[in-house]
Amino acid sequence: MAPMLWLLCLAWPFATATIDNDYVLIDMAQNDPGDTVVGWQQTKYHDPATLLNYGYTGIVTTGELSPLLLANFSSLGLGDIFFPPGNVSRSWQDEMAAAVAANIARCKAGGVQFYPFVDMIVLPRSVVQHFQSQIVNASGNIEYNAVTRMLIQAQFDEVLAAFPGVDGFVVRTGETYVFDTPYHQGNSPVDTHVVPSLTDQQHIWQQFVSDLRDIVCVKYNRKLFFRAWDSFAGWSGDPNYYLNVTNPITPHPQLYFSVKHTSGDFLRFMTFNRQLSVGMHAQIVEVELQREYEGKMAYPNYITNLVVNGFHDLPSGDAQGLHSVIDTPQIRGIWTWSRGGGWWGPYIHGHELWIDLHVYTLTQWWKYKGVRSETAIFYDFCQLEMKWDTETCDNFRQFALLSAEVVKNGLYCPEGSPSSTCQLFTRDDRLGGMSRVKSHLDLVAQKNLWELSRQYKANATAMCKQMMALAASFPSTNQDLEYIVTSARYGYVLFSIIEAGWNVFLEGYKHDHKLPFNATLLQESIAVYDNFWAQYNALGLGRQNCASLYKPYYFNLPGQQPEPGMGATVDSYRNVTAMTVWNL
């Protein structure tokens, strides 16, 4: 099927629908949930004045500042039994209320709309306990029914009475995190274990969104941005699922669906999201800048050209970008996550040049609705913001484009399938071990892709060297040059660690599966790994503008122990030798 034919086929039945929602441009600097190490992001993107300067119309605050957490449900006529005065839970609410009020006032003074990011369904534990027999299902989760609807109605009534300055809500479901909310619990409106039928699940979504529409948009005339994202309950990327859920919902000028530009999570080999520009409702496009699977801008990773023009690594029908949908009536805005996403680090400590580059290029591209190319806007940034001449900007462009190729080669596995589990072997500031790549290495062994797999990681390191050379050529008069040099070196040292660790994975896998392996290469790779870790640690200690460092272990949620990672895998092969060194 031709690249745009799918869009025409899905959109055709609804081409006569009139969508006249306001155009919006909103941003969120997310504080990672449960992160007691850093807490609030060190960023200028919490500042409404910064957002207004880029043309943003609204600011999205993250879940721990959700006003819905402040409903005490006294409006139910049961008194103050859920958050009684003098109780620690009431003290917590009172303090949070002051913080929410201050954020609303800051946004109003700064000229941007206030849109809190709210997880749903999330209710106080005391409320859930009181209504347990009526709202808790067999799985122990809150189910969406008439009583739950009544409680959610009370939530919004109380919150909007207390905080009339709230301009709307961004609703997230599925990923329900209460690490920072000690008196609440929650879950998705759709429990797939209790409701296995796809049709029944879609009916619940229809009812849930329709009810929120009636409360937020109709009753209170506030904007409702509903995320079409619940990877645990069907939403992700499927246009037919999206249409089945949204078509029965009556459009409203204050109702928007937020759709990621990728069909799943923000990964390099993820296909374009075919839910975009279909159906009868207004949509905003969700774009994450600090991609948690790609280093969070601790090193350069320029992706605006790929977001706009398409990720060229994919088959032609999937390698589409926002340019293919910018003129369709459904697309009414962009929602950038300027900061945050995922968990933990790396933390960039307020050094936001790479964030600024993406914010500038995306917001300007949106301002011109694609009439001006991403390339032209990139050169605007280079010449107007960096104050560089055309020749230097040519080199900076090459530097930026190389950065995305480094990530593709170093953090993903192009020798495998696009859905290879290898794409998750690093995330946030964590380096996974053999358990994270074993199924991919099974494919490598089956298809004899050893040298190709090794070459991709070597390519990443070689391109990092090119980037360092380009950085050294940039004029020293620019105040950001020192940071550019540091972040380029960070990338080089990190990807050298990954290349060496990958070689250990390859030879270690052969050893474990009794295949001919190169013991000399294995031990040399371990030595290289150790050498670059020493450099990496010194870089982090010695340069004030350096991002925080990756860890040699893998992921954990707050309160859990991390999974063993690359460091443990490397350590397990330190004493491996061979009577015969195979010549591969």
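Condition test on Val112, is it of a type in the set (Val, Ile, Thr), farther than 16 Å from Ser66 by Cα and over 29 Å from the mean Cα position of the chain (by Cα)? Taking the combined requirement at face value, the residue does not satisfy it.
Among residues of the stretch 34-63 that are assigned to a loop (DSSP other than H, G, I, E, B), those with a beta-carbon under 7 Å from a residue that is aliphatic (A, V, I, L, M) and surrounded by 23 or more Cβ atoms within 10 Å (Cβ to Cβ) at least six positions away or on a different chain give the pairs Gln41/Ala29; Thr43/Ala29; Tyr56/Ile26; Tyr56/Val112; Thr57/Ile26; Thr57/Val112; Thr62/Met28. Could you list, in sequence order, the residues of the stretch 532-556 that are assigned to a helix (DSSP H, G or I) and open to solvent by 20 Å² or more (accessible area, probe 1.4 Å)? If the condition is that a residue be assigned to a helix (DSSP H, G or I) and open to solvent by 20 Å² or more (accessible area, probe 1.4 Å), then Phe532, Trp533, Ala534, Gln535, Asn537, Ala538, Gly540, Leu541, Gly542 are the ones that fit.
The condition of being at pLDDT below 95, closer than 29 Å to Leu160 by Cα and surrounded by fewer than 22 Cβ atoms within 10 Å (Cβ to Cβ) holds for only one of Asp238, Asp214, Asp230, Asp265, that being Asp230. Within the set Leu123, Leu78, Leu68, the sole residue that is assigned to a loop (DSSP other than H, G, I, E, B) and either of a type outside the set (S, T, N, Q) or in contact (Cβ under 8 Å) with a residue 12 or more places away in the chain (or both) turns out to be Leu78.
Being modelled with pLDDT under 95, out of contact with any helix residue (DSSP H, G or I) (no Cβ under 6 Å at 6 or more places or on another chain) and within 20 Å of Asp27 (Cβ to Cβ): is that true of Gly310 here? Talk me through it step by step, then tell me what you get.
Details: modelled with pLDDT under 95: yes; out of contact with any helix residue (DSSP H, G or I) (no Cβ under 6 Å at 6 or more places or on another chain): yes; within 20 Å of Asp27 (Cβ to Cβ): no.
Criteria not met by Gly310.
Looking across the stretch 62-79, the residues that are open to solvent by 10 Å² or more (accessible area, probe 1.4 Å) and more than 13 Å from Val159 (Cα to Cα) come down to Gly63, Glu64, Leu76, Gly77, Leu78, Gly79. Answer yes if at least one residue in the stretch 390-398 is surrounded by fewer than 15 Cβ atoms within 10 Å (Cβ to Cβ) and of a type outside the set (S, T, N, Q), and no otherwise. Scanning the stretch 390-398, I find at least one residue that is surrounded by fewer than 15 Cβ atoms within 10 Å (Cβ to Cβ) and of a type outside the set (S, T, N, Q), so the answer is yes.
Output yes when any residue across the stretch 504-526 is touching a Ser or Thr at 6+ places or on another chain (Cβ under 6 Å) and surrounded by 22 or more Cβ atoms within 10 Å (Cβ to Cβ), and no when none is.
Taking the stretch 504-526 first, the residues touching a Ser or Thr at 6+ places or on another chain (Cβ under 6 Å) are 504, 519.
Of the ones still in play, those that are also surrounded by 22 or more Cβ atoms within 10 Å (Cβ to Cβ) are 504.
Checked the stretch 504-526: at least one residue is touching a Ser or Thr at 6+ places or on another chain (Cβ under 6 Å) and surrounded by 22 or more Cβ atoms within 10 Å (Cβ to Cβ).
Go through the stretch 97-120 and count every residue that is in a helix (DSSP H, G or I) and touching a residue at least 40 places away in the same chain (Cβ under 8 Å). Outline the logic, then answer.
Pass one, the stretch 97-120, residues in a helix (DSSP H, G or I): 97-110.
So of that shortlist, the ones also touching a residue at least 40 places away in the same chain (Cβ under 8 Å) come out as 97, 100-101, 103-110.
Residues that pass the stated criteria total 11.
Run down Asp94, Asp80 and say which single residue is of a type in the set (Asp, Glu), out of contact with any Asp or Glu (no Cβ under 8 Å at 6 or more places or on another chain) and modelled with pLDDT under 95. So that I can check it myself, show each step before the final result.
Values: Asp94 fails: modelled with pLDDT under 95.
Just one listed residue meets the conditions, Asp80.
Against the conditions (1) open to solvent by 50 Å² or more (accessible area, probe 1.4 Å); (2) touching a helix residue (DSSP H, G or I) at 6+ places or on another chain (Cβ under 7 Å), where does Phe425 fall short? Just the number, please. Only one criterion is unmet by Phe425, namely (1). Taking the criterion of being touching a Lys or Arg at 6+ places or on another chain (Cβ under 6 Å) and within 16 Å of Thr426 (Cα to Cα), the only residue of the stretch 477-501 that qualifies is Glu499.
Among the helices (runs of 4 or more DSSP H) contained in the stretch 270-380, which hold 1 or more residues that are surrounded by fewer than 24 Cβ atoms within 10 Å (Cβ to Cβ), touching a His at 6+ places or on another chain (Cβ under 9 Å) and of a type in the set (Val, Ile, Thr)? First the steps, then the outcome.
On the way: elements: 304-309, 353-367, 374-380.
In the stretch 270-380, the matching helices (runs of 4 or more DSSP H) lie at 304-309.
Suppose the filter is without any contact (Cβ under 8 Å) to a residue 60 or more places away in the chain and either farther than 19 Å from Asp356 by Cβ or among the hydroxyl-bearing types (Ser, Thr, Tyr) (or both); does Val307 pass it? No. Only residues in the stretch 346-374 that are of a type in the set (S, T, N, Q) and modelled with pLDDT of 95 or more count as the first member; pair them with residues that are open to solvent by 10 Å² or more (accessible area, probe 1.4 Å) and in a helix (DSSP H, G or I), Cβ under 6 angstrom, at least 6 apart or cross-chain, and list the lot. These pairs meet every condition: Thr363/Tyr54. Number of residues in the stretch 477-501 that are of a type in the set (Val, Ile, Thr) and open to solvent by 30 Å² or more (accessible area, probe 1.4 Å): the value is 2.
Say whether the condition of being within 30 Å of Lys447 (Cβ to Cβ) and of a type in the set (A, V, I, L, M) is met by at least one residue in the stretch 550-568. Yes, the stretch 550-568 has at least one match.
One line per residue, one yes/no per condition, for (1) farther than 30 Å from Gln201 by Cβ; (2) in contact with a Phe, Trp or Tyr (Cβ under 7 Å, 6 or more places away or on another chain); (3) open to solvent by 60 Å² or more (accessible area, probe 1.4 Å):
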residue: Arg90; (1), (2), (3): yes, yes, no
residue: Gln93; (1), (2), (3): yes, yes, no
residue: Asn141; (1), (2), (3): no, no, no
residue: Tyr144; (1), (2), (3): no, yes, no
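Only one of the numbered conditions (1) modelled with pLDDT under 95; (2) of a type in the set (Lys, Arg); (3) open to solvent by 60 Å² or more (accessible area, probe 1.4 Å) is not met by Arg106, and that is (1).
Residues are listed down the side, and each one gets a yes or a no for (1) under 27 Å from Val88 (Cβ atoms); (2) loosely packed, with under 15 Cβ neighbours inside 10 Å:
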{"residue": "Ala138", "(1), (2)": "no, yes"}
{"residue": "Phe179", "(1), (2)": "yes, no"}
{"residue": "Pro182", "(1), (2)": "yes, yes"}
{"residue": "Asp200", "(1), (2)": "no, yes"}
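For the stretch 551-566, the condition of being polar (S, T, N, Q) and closer than 24 Å to Met297 by Cβ holds for at least one residue. Just name the residue that is nearest to Asp389 (Cα to Cα) out of those in the stretch 429-476 that are touching a residue at least 40 places away in the same chain (Cβ under 8 Å) and open to solvent by 60 Å² or more (accessible area, probe 1.4 Å). Restricting to residues being touching a residue at least 40 places away in the same chain (Cβ under 8 Å) and open to solvent by 60 Å² or more (accessible area, probe 1.4 Å), the top hit is Ser473.
The values are calculated or read from the model by the stated rules, or taken from the named source; none is laboratory data. Just so you know, these numbers come straight off a predicted model, no measurement behind them. For neighbour counting, all protein chains shown are included, and Cβ atoms are generated from backbone atoms with ideal geometry for every residue, glycine included. Calculation scope for accessible area: heavy atoms of the full protein, side chains included, ligands and nucleic acids excluded. Shrake-Rupley method; radii C 1.70, N 1.55, O 1.52, S 1.80 Å.
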